[in-house]
There are 2 protein chains.
Amino acid sequence: MPERLAVIGGDAGGMAAASVARRRDPDLEVVAFERGAYTSYSACGIPYYVADYVEDSDELISRSPEEHRENGIAMHTRTEVTDIDLDRRVLTVRELNAGREREEGFDQLVYATGARETMPPVPGWEALEPALKIEPAERLKSKLRGAEGKHALVIGASYLGLEMAEAMVQRGLDVTLIDMADQVMGSLDPDMAAHMQDAAEGSGITVMLSTALEEVLLDSNGRPHAVRTSQGEIRADHVIPAAGVKPVTALAEAAGLEIGESGAVRVDDHQRCPGVDGVFAAGDCAESHHRILERPVNIQLGTHANKQGWVAGSNITGGDFAFPGVIGTAVAKICRYEAGRTGVSEREASAAGIDYVSVTIKSTTRAAYYPGAGSIWVKLVADPSSGRLLGGQIVGEEGAAKRIDVLATCVWTGMPVQEMQLLDLSYAPPFSGVYDPVLIAARQVAKKVGG
Amino acid sequence: MPERLAVIGGDAGGMAAASVARRRDPDLEVVAFERGAYTSYSACGIPYYVADYVEDSDELISRSPEEHRENGIAMHTRTEVTDIDLDRRVLTVRELNAGREREEGFDQLVYATGARETMPPVPGWEALEPALKIEPAERLKSKLRGAEGKHALVIGASYLGLEMAEAMVQRGLDVTLIDMADQVMGSLDPDMAAHMQDAAEGSGITVMLSTALEEVLLDSNGRPHAVRTSQGEIRADHVIPAAGVKPVTALAEAAGLEIGESGAVRVDDHQRCPGVDGVFAAGDCAESHHRILERPVNIQLGTHANKQGWVAGSNITGGDFAFPGVIGTAVAKICRYEAGRTGVSEREASAAGIDYVSVTIKSTTRAAYYPGAGSIWVKLVADPSSGRLLGGQIVGEEGAAKRIDVLATCVWTGMPVQEMQLLDLSYAPPFSGVYDPVLIAARQVAKKVGG
């Protein structure tokens, strides 16, 4: 009898594992379960769908359930796994439409339940819907099309919160963005985040920092009409939670899988759950090793989920691949600015007790004389004794943020800034001045470490 | 008495050396000689000046002679060095306006004469002017403003040739671009270059390949009106040479400085001319070590010139810095496409007897559903046994080419493609699909080398 692989979760991590395993071993029986109606969709694309840059939610789906089935995967949607019995190697699954439960056996298992938005623990929260799921986004968009209400409030000035705020402004709404912190985008240092706040405010978003949500005020139909905050009441016909996401681990915990210090499912570098044979985890529900902080972290990002799924699926089918960890690289476009970050920020270095020097430079995205040259700020964080690059942040106009990948590659390889400053990076006036901003910043830090 | 540093050549290499040396050692006497009237200008910016993206040639000048003087450099323009006497440590210089000659002593010398366009060896060539100098560009622009003639011919489908052809099309001229080779942009492999040819032709440039120039046909005033080629006669009121540049070495050769196998002035990794104490060379006239080909090359690029000048100027003033070499990174924007390249191309690998595997993938510059997502092709060349990345080429729409810097950093560090495919590069829909095109390409090559 062929081996049977069961996958819990029909999104990036799970379906990458399922697809790779099936491709590498066509004799493997692969079955996958997804609570929702959709598979393999881009949660990151939802703000653009809400903004109407993307008209139809189908465009966000990279592979439909039918396509997975055509690839030989027994894909069950609207089917929730309610129990994992590791001893018997059996899942209990419930068909949500029919309400029926049944058992499904497995030889190997991929746990890929993803993450879920945390709802603010305030009265009225039950009227809110998660921002990063397709079905709620479809409902939101249909309300917006119906022009129900002109006031939107976004809770949380994360990347997602800012993207959703921009989407609502694009649609002509009055938008307020609140956050308890005293800056937007907490993964950036405050000096860099300030530029992103400028961009948001420049597009008409009202940003209220150091502001705590106290209550979502509902009308007699149970629909939000305002929120009460530590800074007073704010009118809000639409309230979007974007205060953070948490890994979905309840099922794993109940089954006895280990939960790591980051709160996500613990895995080794082969995506195996330690101590349990043939059980893997991948994606937003799983931990990753942070190569600079040297500890496990939980970073929810489709690109990690895909890679981890690929590693799991390859190892399930006789491969020997290690997921090499993450360095916290991220990028976003908010109104007229782009932001990228990688490695550790100044604040993260401080918090982790890592010695560092840092420098921030301002330059232009193109040669100063070339049309469309815009501002770009590059911040580097380096080890003061070796000069090794520990992290970088880039903020600026079009063409700025993707440069973060050069910094990511340097952080990844542990390149010293003394070497970086003489790297053979590309130059032509439509793309940079004769010294790329990245090199200018490297030179400034190199001076500080004596290079 | 203070030491005296003399610099021959008032552009990137020479003036970087002069400026750095002066900044590091304010007691050093620094004197610099430049044949032309301008200093520290961006030759790379000239096509944009001709296109009128940049109105005034002053905008191309990063530091004027006056600014250099304010920084304590005795800057002599319109002054040509006609002889270097290394034994007596004396230069002979000629003031071009006054026609006077005099001698100038030095303790240390930076030779930074740059490069000069090669003129086609055909009858009528004497009517042509170099494309990469400010004064001829000013004359060309003034003719174009006067609407003298509607037909332009560019000789050489190099980056520069294509940029100049685009500039002329922008100004409404009929433009023909000819090249003896059977592809445009010889530093790209033919498959990648074909896309750039598409872009040029899509903008209305007539591209004639495998076409040799035989004569520039002049009217009775000695001005071009057509050219004769191996494919027939072509009308041409403006003829722009862009068939390549050569290092300016005559003065160095006469002085007994060593000329390397690349035809440029030989230097060690400290930019010292071997065997001659206190004499340095930097910039387009000097050789660089190619880290992949493992031999000296001569690549004319402002970014190398600046870095080499910085290394020379630092070492002249007690520093101990090595120029780490180049890997042939370059980038250009031609009409609707951008192109980048780094390391060795497939053809270069073949010619150098380097074993390789390669792969080309097509993807999108943004998530496929995000507005403005355009085509991008990524080609990687890797070592078949170790998987080490040897080179890369990227062609595509806006946002494509600067990704070459990630490949450059990987080539620089010798990263294997098996490692590259799992690099933590940034992801968000405005910038890429969930797998960056660079990672997709890395995965495809990794498969070929068994990763």
Heavy atoms of A:Glu163 accessible to a 1.4 Å probe, total area in Å² rounded to 10: 20 Å²
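Taking the DSSP beta bridges in the stretch A:119-241 as the whole, what percent of them are antiparallel, to the nearest 5? Intermediate results must be reported in sequence, preceding the final value.
Numbers: 9 of 21 bridges.
So the antiparallel bridges in the stretch A:119-241 amount to around 45 percent.
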Computed helical MRE - 222 nm, chain A, DSSP H runs ≥ 4 contributing -39500 (n - 2.57), nearest 500: -7500 deg cm²/dmol
For A:414-422, mean number of other protein chain Cβ atoms within 10 Å: 3
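DSSP loop (so not H, G, I, E, B), at most 14 other Cβ within 10 Å: list which trypsin sites (Lys or Arg not before Pro) in the stretch A:45-97 pass both filters. Could the numbers behind the result be given before it?
Values: sites: A:Arg63, A:Arg69, A:Arg78, A:Arg88, A:Arg89, A:Arg94; in loops: A:Arg63, A:Arg78, A:Arg88, A:Arg89.
Sparse-neighbourhood loop trypsin sites (Lys or Arg not before Pro): A:Arg88.
Can you give the accessible area per residue of the protein assembly as shown, in Å², using a 1.4 Å probe? The partial results should precede the final answer.
Numbers: 33270 Å² over 902 residues.
Normalised by residue count, the accessible surface of the protein assembly as shown is 37 Å².
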Full-extension gain in nm, A:Ser142 to A:Arg88, via 0.36 nm per residue minus C-alpha separation: 14.9 nm
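Quantify how strongly other chains surround peptide A:274-280 by giving the mean number of their Cβ atoms within 10 Å of each of its Cβ atoms. Each step should come with its number before you reach the end.
Values: counts 0, 0, 0, 0, 0, 0, 0.
Taking all residues of A:274-280 together, the mean is 0.
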Förster radius 30 Å - calculated FRET efficiency between A:Ala352 and A:Asp198 (Cβ-Cβ, nearest 0.05): 0.55
For the stretch A:31-59 versus the stretch B:86-134, the gap between their alpha-carbon centres in whole angstrom: 64 Å
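Quick one: putting +1 on the C-beta of Lys and Arg, -1 on the C-beta of Asp and Glu, what dipole do you get for chain A around its Cα centre, in Debye to the nearest 20?
Numbers: 43 positive and 64 negative charges, 194 e Å.
Dipole of chain A, to the nearest 20 debye: 940 debye.
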Segment B:Ile259-B:Ala181, length gained on full extension (0.36 nm per residue, minus Cα span): 25.3 nm
Estimated dipole of the protein assembly as shown in Debye, rounded to 20 [Cβ of Lys and Arg +1, of Asp and Glu -1, Cα centre]: 280 debye
Relative contact order (percent, whole number), the stretch A:298-451, Cα cutoff 8 Å, 6+ residue spacing: 23 percent
Area of A:Arg366 that stays accessible when all protein chains are in place (1.4 Å probe, Å², to 10): 40 Å²
Pairwise centroid distance, computed over Cα atoms, of the stretch A:189-255 with the stretch B:320-368, Å: 45 Å
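Could you size up the charge dipole of the stretch B:336-448 around its Cα centre, putting +1 on the beta carbon of Lys and Arg and -1 on that of Asp and Glu, and report it in debye to the nearest 20?
Working: 12 positive and 11 negative charges, 48 e Å.
In debye, rounded to 20, the stretch B:336-448 gives about 240.
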Accessible surface of chain A [probe 1.4 Å, protein heavy atoms]: carbon and sulfur percent: 45 percent
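Identify the GluC sites (Glu not before Pro) of the stretch B:1-57 meeting these criteria: DSSP loop state and at most 15 other C-beta atoms within 10 Å of the C-beta. Please list the in-between numbers first.
Details: sites: B:Glu3, B:Glu29, B:Glu34, B:Glu55; in loops: B:Glu3, B:Glu34, B:Glu55.
Loop-located and lightly packed - B:Glu55.
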Span per principal axis, largest first, for the Cα atoms of the stretch A:119-241 (Å): 43, 28, 23
Spatially proximal lysines relative to B:Lys307 (Cα-Cα < 22 Å; intrachain offsets below 8 disregarded): A:Lys362, A:Lys379, A:Lys447, A:Lys448, B:Lys133, B:Lys246, B:Lys402
Residue list for the stretch B:410-439, given a label point 7 angstrom along the Cα-to-Cβ vector of B:Arg291 and an amide N cut-off under 19 Å: B:410-421, B:423-424
Distances in nm from A:Glu67 to the matching label points in the other copies, shortest first (labels 7 Å along Cα to Cβ): 5.2
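Just add up the charged neighbours of A:Trp125: K/R +1, D/E -1, any other residue whose Cβ is under 13 Å from the Cβ of A:Trp125.
Details: positive: A:Arg228; negative: A:Glu117, A:Glu126, A:Glu129, A:Glu214, A:Glu215.
Value of the local net charge: -4.
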Label zone at B:Thr118 (point 7 Å along Cα-to-Cβ), backbone N below 19 Å, the stretch B:199-224: B:209-216
The stretch A:64-94: GluC sites (Glu not before Pro) falling in loop per DSSP and having at most 16 other Cβ within 10 Å: none
Accessible surface ranking that places the most exposed of A:Ile299, A:Ile84 first, with a 1.4 angstrom probe: A:Ile299, A:Ile84
Label-point separation in nm, B:Ala127 to A:Asp27, each point 7 Å along Cα→Cβ: 7.8 nm
Debye log10 I(q)/I(0) for the stretch A:292-444, one point scatterer per Cα, at q = 0.08, 0.14 Å⁻¹: -0.26, -0.73
Counted charge near B:Val227, where neighbours are those whose Cβ lies closer than 12 Å (Asp, Glu -1; Lys, Arg +1): -2
Summed residue charge, Cβ within 9 Å of A:Arg403's Cβ, Lys/Arg positive, Asp/Glu negative: -1
The protein assembly as shown - Rg and Dmax from Cα coordinates, angstrom: 30.5, 102
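Counting only protein heavy atoms and rolling a 1.4 Å probe, how much accessible area do A and B lose on contact, total for both sides, in Å² to 100?
Values: alone 19370 and 19360 Å², together 33270 Å².
When A and B are taken together, about 5500 Å² of accessible area is lost.
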Other protein chain Cβ atoms within 10 Å, averaged over every residue that makes up A:396-408: 5
Protein-protein interface of the stretch B:307-337, residues with accessible area decrease of at least 40 Å², isolated chain reference, 1.4 Å probe: B:Lys307, B:Trp310, B:Val331, B:Lys333
DSSP bridge orientation in the protein assembly as shown - percent antiparallel, rounded to nearest 5: 65 percent
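The values are calculated or read from the model by the stated rules, or taken from the named source; none is laboratory data. The structure displayed is predicted, hence computed values, not measured ones. Reconstructed Cβ throughout: ideal geometry from the backbone, glycine too, with neighbour counts over all protein chains shown. Only protein heavy atoms, including side chains, enter the accessible area calculation; ligands, DNA and RNA are left aside. Shrake-Rupley method; radii C 1.70, N 1.55, O 1.52, S 1.80 Å.
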